[in-house]
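Peer 1: One structure, pasted below without further comment.
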Amino acid sequence: MAAVFLTLPSSPIFPPTARVHAGRRGVFVARASARAPMIAPMSEAMDAENGGRGQRNMPHVLTVAGSDSGAGAGVQADIKACGALGVYCSSVITAVTAQNTVGVQGVHPVPEEFVAEQLRSVLSDMEVDIVKTGMLPSVGVVKVLCDSLKEFPVRALVVDPVMVSTSGDMLSEPSNLAGYRNELFAMADIVTPNLKEASALLGGVSLRTVADMCSAAKSIHNLGPRYVLVKGGDLPDSSDAIDIFFDGEECHELYGSRIKTRNTHGTGCTLASCIAAELAKGSPMLHAVQTAKAFVESALNYSKDIVIGNGPQGPFDHLFRLKSQNDNVGLKPQFDANDLFLYAVTDSGMNNKWDRSITDAVKASIEGGATIIQLREKDAETRNFVEAAMACMEICRSHGVPLLINDRVDVALACDADGVHVGQSDMPARVVRKLLGPRKIIGVSCKTPAQAEQAWIDGADYIGCGGVFPTTTKENNLTIGLDGLKAVCLASKLPVVAIGGIGPGNAHSVMKIGAPNLKGVAAVSSLFDRACIVSEAQRLRSVLMDASSRARLSV
Ligand SMILES: Cc1ncc(COP(=O)(O)OP(=O)(O)O)c(N)n1
Ligand SMILES: Cc1ncsc1CCOP(=O)(O)O
Ligand SMILES: [Mg+2]
């Protein structure tokens, strides 16, 4: 290990002075106990301090971390990650490192007093929502940070217990373990160790399985943080990137795809920063973690082939969204939840009964105003299904209407459909996501809030909720009623489309439940078991339009 711990001469540029408003943070709940949730509503006093602008400016994360000269990790990664998520990021630098894609060539810790001074400068003046920590090179720096947070409490503290770089170089004193355990963890809302760090924090226990990770998460939780995320990126024999999220009661297994790339330098810093950024925007913890995981996965995927540096640890591109926006000019836009407005689901039995081809049924429903189509061909032979799906794709593409395939991921892949809809006994959505990649649309049928939560964890784009009313289209299908629909909508952030026995006669009552994420209705028989699909779709559409304009008026 080549790291050299040098000490910068202390150079106080300005003394801690008059710009310190110690009382300013009084609006924030001081952390009496490590487990008290820190919700910080804006008060009138704070509004007045904002010059009466009425709104706080940007959500703000302060990163307390080391500088990485290669800019893949550390403070540089944190600033880029927060910026990519629309969050302001200030930075207190704890050490300057000389590093690149080969490894860490030198470490130059910033004197503790100067870390304290930087903390005071930022925390006394700027409205920091969340503090995120990275490299804390010494027990002294940990102490300085804890003292500053007591003086200037923030809404939440995200601790990434950085100890060793990906190249294997030490980034904090071994004695720092005590600093983390003794004081910092008790103040932390979430701690995000990887397997090596979790093992070091627990005295070197071996962590080889998901069950080991779960018990490690529980043990680390006993050290004080409210939540623990043990990252399983290095877990042996695992094709997925499995992380364990422990909320104090339950271990959640969070699955992601393992991206094959050398460009993984800085993933830990980025993940923790994204969690902090999402918390700053007001997300609950599990949602923040999920969003952070999805961001990192997309960034790794987008950057998997870039070449920066000659060593084994390349950086990735945090600002991939800027580029992907440009790259996507002229390509299919990503999923728009408003497409769920009038969701037409085909049925081969009904098409046979009315002597129609699938393509004619699809054309007619689009002509009548369907905004998304699902091919639900339960009896079709695979070869015929693929052929029909290809023809329907052409029709849908030419009208800009997304086409999804029911159940059959293979058929969706074969015809390059826009996505797949799966139910509770079909292929799990997280496996579908893995097969289809991040750009395709995945819908999951849910009857309960628990299923909706799982759908979201699995990376679904929307929920199909029902059967809302009794239907003969799907056998043995439990009816959940409007109350069941409302419960699912309220429990989920995902957009929802209602299904089951819905047509022009009752669509209004469905939309009237008033859940903002209920985006539309899906219909089979009220469109396709009718003589004229075009006019039935038009009728249903005008009921939905009427319901949505009334909803707008009543806001
Ligand atoms: C939009 C939408 N919602 C729900 C379903 C039902 O899917 P699933 O539970 O898999 O049942 P089958 O359709 O496969 O019988 C759906 N298809 N579309
Ligand atoms: C596929 C499905 N999933 C829940 S209910 C249902 C059938 C909906 O058909 P219909 O619109 O004819 O009631
Ligand atoms: Mg199904």
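Since every read-out is calculated from the coordinates, none of them should be taken as a lab result. Every value quoted in this text rests on a predicted model; they were computed, and no experiment measured them. Using ideal geometry, Cβ is built from the backbone for each residue, glycine included, and neighbour counts are taken over all protein chains shown.
Peer 1: Can you pull out the cysteines in the chain that have no other Cys Cβ under 4.7 Å?
Peer 2: Here C146, C269, C274, C392, C396, C415, C446, C465, C489, C532 come out as lacking a disulfide-compatible partner, given the Cβ-Cβ threshold of under 4.7 Å.
Peer 1: Beta carbons within 10 angstrom, averaged per residue: use that to sort the peptides 493-506, 531-544, highest first. Please report the intermediate quantities before stating the final value.
Peer 2: Working: 493-506: 22.4, 531-544: 18.6.
Sorting 493-506, 531-544 by mean packing, highest first, produces 493-506, 531-544.
Peer 1: Give the residues of region 515-541 whose amide nitrogen is closer than 11 Å to a point set 7 Å from the Cα of N338 in the direction of its Cβ.
Peer 2: Within reach of a label on N338: no residues.
Peer 1: Please enumerate, by chain and number, the lysines with C-alpha under 16 Å from the C-alpha of K150, excluding those fewer than 8 residues away in the same chain.
Peer 2: Excluding near neighbours in sequence, the set is K132.
Peer 1: Let me ask something else. Give me the dipole magnitude in Debye, nearest 20, for region 59-305 about the Cα centre, with unit charges on the beta carbon: positive for Lys and Arg, negative for Asp and Glu.
Peer 2: Values: 18 positive and 28 negative charges, 69 e Å.
Dipole magnitude for region 59-305 comes out near 340 debye.
Peer 1: Next up: Could you give me D for region 59-305, from Stokes-Einstein at 25 °C and 0.890 mPa s, where the hydrodynamic radius is the Kirkwood radius over C-alpha pairs? Units µm² s⁻¹, please. Write out the running numbers ahead of the final one.
Peer 2: Values: Rh = 17.6 Å.
After rounding, the answer is 139 µm²/s.
Peer 1: Which residue, I244, S215, C82, has the largest displacement toward the positive end of the dipole of the chain when charges sit on each Cβ (Lys, Arg +1; Asp, Glu -1)?
Peer 2: Toward the positive end, the furthest listed residue is C82.
Peer 1: For region 337-553, what is the relative contact order in percent, using Cα pairs closer than 8 Å and at least 6 residues apart in sequence? Please list the in-between numbers first.
Peer 2: Values: 432 pairs, mean separation 48.3, N = 217.
So the answer I get is 22 percent.
Peer 1: Along the principal axes of its C-alpha atoms, what lengths does the chain span, in descending order and rounded to whole Å?
Peer 2: That gives 85, 53, 42 Å along the principal axes, largest extent first.
Peer 1: Which of the listed residues, V230, S303, A156, is farthest toward the dipole's positive end in the chain, when Lys, Arg count +1 and Asp, Glu count -1 at the beta-carbon?
Peer 2: A156
Peer 1: What's the center-to-center distance, using Cα atoms, between region 91-135 and region 206-250 in Å?
Peer 2: 27 Å
Peer 1: What is the extension gain from S509 to S542, computed as 0.36 nm multiplied by their sequence separation minus the C-alpha to C-alpha distance, in nm to one decimal? Don't jump to the answer; show the numbers that get you there.
Peer 2: Numbers: separation 33, 0.36 × 33 = 11.88 nm, distance 1.38 nm.
Contour length minus Cα-Cα distance gives 10.5 nm.
Peer 1: If you don't mind, another one. Could you give the dipole magnitude of region 95-181 about its Cα centre, charging the beta-carbon of Lys and Arg +1 and that of Asp and Glu -1, in debye to the nearest 20? Show your work: numbers first, answer last.
Peer 2: Values: 6 positive and 11 negative charges, 49 e Å.
Charge dipole, region 95-181, about its Cα centre: 240 debye, nearest 20.
Peer 1: Still on this model: Give me the distance in nm between label points sitting 7 Å out from Cα along the Cα-to-Cβ direction at M126 and K218, one decimal.
Peer 2: In this crude spin-label approximation the distance works out to 4.1 nm.
Peer 1: What distance in nm separates the two pseudo spin-label positions at T209 and D483, each 7 Å out from Cα along the beta-carbon direction?
Peer 2: In this crude label model, T209 to D483 measures out at 4.3 nm.
Peer 1: I've got another one for you. Cα centroids of region 504-540 and region 413-487: how far apart, whole angstrom?
Peer 2: Rounded to whole Å, the Cα centres lie 18 Å apart.
Peer 1: Related question: Given the Cα-Cα distance of D355 and K260 and 0.36 nm per residue of separation, how much length would full extension add, in nm?
Peer 2: Working: separation 95, 0.36 × 95 = 34.20 nm, distance 4.89 nm.
Extra length available between D355 and K260 comes to 29.3 nm.
Peer 1: Label-point separation (nm) for I306 and A414, each offset 7 Å from Cα along Cα-to-Cβ?
Peer 2: According to this spin-label approximation, the distance is 3.8 nm.
Peer 1: Something else: Determine the dipole magnitude for the chain: charges of +1 sit on the beta-carbon of Lys and Arg, -1 on that of Asp and Glu, nothing else is charged, the reference point is the Cα centre, and the result goes in debye to the nearest 20.
Peer 2: 720 debye
Peer 1: Using Cα positions and a limit of under 24 Å, work out the lysines in reach of K363, with same-chain residues fewer than 8 apart set aside.
Peer 2: In chain and number order, the partners are K332, K353, K378, K440, K474, K519.
Peer 1: For the peptides 75-86, 249-260, what is the packing order when you average, over each peptide's residues, the other Cβ atoms within 10 Å and list the highest mean first? Intermediate results must be reported in sequence, preceding the final value.
Peer 2: Numbers: 75-86: 23.4, 249-260: 15.8.
Ranking, from highest mean packing down: 75-86, 249-260.
Peer 1: If you count, for each residue, the other Cβ atoms within 10 Å and average over each peptide, how do 450-460, 387-397 line up from highest to lowest? It would help to have the intermediate numbers written out before the result.
Peer 2: On the way: 450-460: 20.5, 387-397: 18.2.
Final packing ranking: 450-460, 387-397.
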